[in-house]
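A.B. asks: Got a structure here, written out as structure tokens. Questions coming.
The values are calculated or read from the model by the stated rules, or taken from the named source; none is laboratory data. Just so it is clear, the model here is predicted, and its values are computed rather than measured. Using ideal geometry, Cβ is built from the backbone for each residue, glycine included, and neighbour counts are taken over all protein chains shown.
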Amino acid sequence: MLTRIAFAATAAFLLTSAAIVAPAVAQDPIKARQAGFEDLKKAMGEIKDALGKDKATAAAPVATRVAAFASTIPSLFPAGSDKGKTGAKEVIWANFPDFTAKAKDLETAATALAAASATGDKAATGKAFAALADTCKACHQRYRAD
């Protein structure tokens, strides 16, 4: 029963996320992606806090939120959105297939974290969280201006 409720909540979140992201990107993709990455930063903190409190299962819905956001990342970087106040390097648009692959890696790692944390296994959740953090670093090193 709990699994069905979690699935329904996740589905509702994903549908709502898509409905919110699309209009925001059309208006200002830079602001939309900055807001999304701020939420990602917050989510990473929430996951870290859950692990610190031995509440691995609390990370599952947060990781699902990260996966949902990750699936939208390429759409947040349309051509021409490299101008303005942004920390995005121009190389994103020059190497968009690799950038898209890194976003997919983030989605995959977040999905794996959600699965690991749903089991309540703190060690597996910690390992999956470290893998998720590594995907963030891999993208930042190449595509984010400091």
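A.B. asks: Hey, Q27 hits all of (1) in contact with a helix residue (DSSP H, G or I) (Cβ under 9 Å, 6 or more places away or on another chain); (2) at pLDDT below 95; (3) surrounded by fewer than 17 Cβ atoms within 10 Å (Cβ to Cβ) but one; which does it fall short on?
C.D. replies: Against the list (1) in contact with a helix residue (DSSP H, G or I) (Cβ under 9 Å, 6 or more places away or on another chain); (2) at pLDDT below 95; (3) surrounded by fewer than 17 Cβ atoms within 10 Å (Cβ to Cβ), Q27 comes up short only on (1).
A.B. asks: Taking region 30-57, which residues are surrounded by fewer than 18 Cβ atoms within 10 Å (Cβ to Cβ), over 12 Å from the mean Cα position of the chain (by Cα), under 29 Å from G120 (Cβ atoms) and not acidic (D, E)?
C.D. replies: The answer is G45, K48, L51, G52, K53, K55, T57.
A.B. asks: Identify, please: which residue in region 58-75 is part of a helix (DSSP H, G or I) and of a type in the set (V, I, T) and is, among those, surrounded by the most Cβ atoms within 10 Å (Cβ to Cβ)?
C.D. replies: V66
A.B. asks: Among K85, K41, K104, which is basic (K, R) and in a loop (DSSP other than H, G, I, E, B)?
C.D. replies: Details: K41 fails: in a loop (DSSP other than H, G, I, E, B); K104 fails: in a loop (DSSP other than H, G, I, E, B).
None of the other options fit; the residue is K85.
A.B. asks: If you take the residues of region 125-146 that are over 18 Å from F69 (Cα atoms) and without any contact (Cβ under 8 Å) to a residue 12 or more places away in the chain, which of them is surrounded by the fewest Cβ atoms within 10 Å (Cβ to Cβ)?
C.D. replies: If we take residues in region 125-146 being over 18 Å from F69 (Cα atoms) and without any contact (Cβ under 8 Å) to a residue 12 or more places away in the chain, then Q141 is surrounded by the fewest Cβ atoms within 10 Å (Cβ to Cβ).
A.B. asks: To continue, here is another question. Hey, does region 32-52 have a residue that's β-branched (V, I, T) and modelled with pLDDT of 95 or more?
C.D. replies: Pass one, region 32-52, residues β-branched (V, I, T): 47.
With modelled with pLDDT of 95 or more added as a condition, the list becomes 47.
Yes, region 32-52 contains at least one residue that is β-branched (V, I, T) and modelled with pLDDT of 95 or more.
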